[in-house]
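Notes follow the structure.
Each reported figure results from applying straightforward, stated rules to the coordinates on display, with no laboratory input. Just so it is clear, the model here is predicted, and its values are computed rather than measured. Cβ coordinates were reconstructed from backbone atoms using ideal geometry, including for glycine residues, and neighbour counts include every protein chain displayed.
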Amino acid sequence: MPERMSATLWRRAMAFEIDIFLITITYLTTFCVGLLAAWLGLKVAGYDAPSYSLIDTLLLPFGFLSLIVSLAYFIGFASYRGQTPGKAIMRIKIVSMTGGNVTLSMIVVRTLGYFLSGVLFGLGFLMALVTRRQRALHDLLANTHVVAT
């Protein structure tokens, strides 16, 4: 299989930002609908307004749900065709180091590697500036490579 051109860090970063934007819109919509439903439920029950303790009570489950949705988004989309919507828009794709399709296990390791890269103050992402084929930490962990399509 002929070697494909590596995706630039700029295109990868833009794809990630598009994905984060889409996830954030989903979170905010869901949270606002949930808050509105709670407020309407309290109104029907005879209370004047939701208290701050209600909002605090909703934040923890919402945060957990947000984490699950993020994992499902990145793992689900990337394992299907090697692309999230952001990667598809930026015309890049995740492939195995042999150039073939990625496996579910590769995508799970890669997605968990995002969190590790973030914990390291973003240095895991910046590794793409200095590694062969512009591979970031999560690519190295999962034995993947991001290419232009």
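Could you grab me the full set of residues in the stretch 4-57 that are in a loop (DSSP other than H, G, I, E, B) and farther than 25 Å from SER70 by Cβ?
Scanning the stretch 4-57 gives ARG4, MET5, ALA45, GLY46, TYR47, ASP48, ALA49, PRO50, SER51.
So which residues in the stretch 99-126 are aliphatic (A, V, I, L, M) and either under 15 Å from GLN83 (Cβ atoms) or touching a Lys or Arg at 6+ places or on another chain (Cβ under 7 Å) (or both), if there are any at all?
Hits for the stretch 99-126 are VAL102, LEU104, MET106, ILE107.
Among the listed residues SER117, SER105, which satisfies the condition of being surrounded by 14 or more Cβ atoms within 10 Å (Cβ to Cβ) and not aliphatic (A, V, I, L, M)?
SER117
When the stretch 9-32 is examined, which residues are found to be surrounded by fewer than 16 Cβ atoms within 10 Å (Cβ to Cβ) and over 29 Å from PRO61 (Cβ atoms)?
Result: TRP10, ALA13.
If you check ASP56, ASP19, which single one turns out to be charged (D, E, K, R) and in contact (Cβ under 8 Å) with a residue 40 or more places away in the chain?
Numbers: ASP56 fails: in contact (Cβ under 8 Å) with a residue 40 or more places away in the chain.
Result: ASP19 is the single residue among ASP56, ASP19 that is charged (D, E, K, R) and in contact (Cβ under 8 Å) with a residue 40 or more places away in the chain.
Can you pull out every residue in the stretch 120-149 that is buried (at least 20 other Cβ atoms within 10 Å of the Cβ) and not in a helix (DSSP H, G or I)?
Once the filter is applied, which keeps residues that are buried (at least 20 other Cβ atoms within 10 Å of the Cβ) and not in a helix (DSSP H, G or I), the stretch 120-149 yields ARG135, ALA136, THR144, HIS145, VAL146.
Yes or no: the stretch 93-101 includes at least one residue that is under 18 Å from TRP10 (Cβ atoms) and in a loop (DSSP other than H, G, I, E, B).
No, the conditions are met nowhere in the stretch 93-101.
Just a yes or no: is a residue in the stretch 66-81 out of contact with any helix residue (DSSP H, G or I) (no Cβ under 7 Å at 6 or more places or on another chain), assigned to a loop (DSSP other than H, G, I, E, B) and either surrounded by 16 or more Cβ atoms within 10 Å (Cβ to Cβ) or of a type outside the set (Lys, Arg) (or both)?
no
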